[in-house]
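What follows is a short report on a single structure.
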Amino acid sequence: MQLTAFVRIAPPMRVDVAFAPALASPAPTAVVIDVLRATSTIAQALDAGYEQIHCCADVDDALTLRRELGRGVLAGERECVRIPGFDLGNSPREFLEPAAELAILSTTNGTRALVAAAERAERVYAASFLNLGAVAEVVREAGRDVSLVCAGVLEAFAMDDAYCAGRLAALLDGELTDAAHAAVRIAEGFKSSEAGLTASQSARNLLAAGLDDDIAWCARTDVLTVVPRLTGTTTLAVAISL
Ligand code: MLT
């Protein structure tokens, strides 16, 4: 008698890059990238010991949440500068020590991209250069199709996020869409993380705001092993923790 063995071969993981949140394709996994600076700040804050970062799209949502919870530090920026009345801005260098267990964060693009991704994907992670390799490992292990979502600037292409997405796409053993191939080509065009970030309008905005040191800080690659992930949603915020 002849036995026939059926071996199920899993299709390769599809890796797409959305150069702006509105371009994100449906995928079970989304990785949000706002390398200058929201996702770098989130990674740094969780590594420092914050237990949760509640990410709000709007300043009013952050204020309401702080009032409702009665705890947590308020953090965030508009035009790179700390929001009036908030405890902290959006510099990762302000999150080296936990000032509370919880931070409530609202930024121009990054926290909005996280809120939007939470509506579409089963799993959402936050990536930056600080934790690039750690995020790549988790996504590779999951083996599910992934959308690398660039937060961009006001729904437009941002070089810093596209560059970081290209570096991440190159680390994933997946089948790249045309957009992911384009991001990898962008990444190949720069000699270093700092060069890739410095070429962006986001970096020029930080320079204009006197926040030059944040660019070099956010360019440091694989210095953290934390993988921030979506762990809850409410009407006011999405919760990110480890
Ligand atoms: C954003 O969310 O747009 C950024 O993180 C802006 C910034 O650099 O603070």
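The one condition from (1) farther than 17 Å from V17 by Cα; (2) surrounded by fewer than 20 Cβ atoms within 10 Å (Cβ to Cβ) that S106 does not meet is (2).
Which one of these is surrounded by fewer than 22 Cβ atoms within 10 Å (Cβ to Cβ) and over 17 Å from I215 (Cα atoms): R140, R112? Walk me through it before giving the result.
Values: R112 fails: surrounded by fewer than 22 Cβ atoms within 10 Å (Cβ to Cβ).
Result: R140 is the single residue among R140, R112 that is surrounded by fewer than 22 Cβ atoms within 10 Å (Cβ to Cβ) and over 17 Å from I215 (Cα atoms).
Listed by first and then second residue, the pairs linking a residue in the stretch 136-158 that is of a type in the set (F, W, Y) to a residue that is within 14 Å of the ligand (Cβ to nearest atom), with Cβ atoms under 9 Å apart and 6 or more places separating them unless they lie on different chains, are F157/A20; F157/C150.
Can you tell me which residue within the stretch 22-44, out of those that are at pLDDT 95 or above, in contact with a strand residue (DSSP E or B) (Cβ under 6 Å, 6 or more places away or on another chain) and more than 11 Å from the ligand (Cβ to nearest atom), is farthest from C218 (Cα to Cα)? Top of the filtered list is A27.
Is at least one residue of the stretch 37-44 among the charged types (D, E, K, R) and in contact with a Pro (Cβ under 7 Å, 6 or more places away or on another chain)?
yes
Annotation note: of L224, L211, L207, the sole residue that is within 14 Å of the ligand (Cβ to nearest atom), among the aliphatic types (A, V, I, L, M) and in contact (Cβ under 8 Å) with a residue 40 or more places away in the chain is L211. Taken over the stretch 176-214, the criterion of being farther than 30 Å from R82 by Cβ and aliphatic (A, V, I, L, M) is satisfied by L176, A179, A180, A182, A183, V184, I186, A187. Residue count for the stretch 67-88, restricted to those that are surrounded by 21 or more Cβ atoms within 10 Å (Cβ to Cβ) and of a type outside the set (A, V, I, L, M, F, W, C): 3. May I ask you to say which residue of A126, A117, A170, A179 is in a helix (DSSP H, G or I), surrounded by 24 or more Cβ atoms within 10 Å (Cβ to Cβ) and modelled with pLDDT of 95 or more? Of A126, A117, A170, A179, the one residue that is in a helix (DSSP H, G or I), surrounded by 24 or more Cβ atoms within 10 Å (Cβ to Cβ) and modelled with pLDDT of 95 or more is A117. Among the residues of the stretch 69-117, those that are touching a residue at least 60 places away in the same chain (Cβ under 8 Å), away from the ligand (no atom under 11 Å from the Cβ) and of a type outside the set (V, I, T) comprise R93, A116, A117.
The values are calculated or read from the model by the stated rules, or taken from the named source; none is laboratory data. Given the structure is predicted, the values throughout are model-derived calculations rather than measurements. FYI the Cβ positions are ideal-geometry reconstructions off the backbone, even for glycines, and counts take in every protein chain you see.
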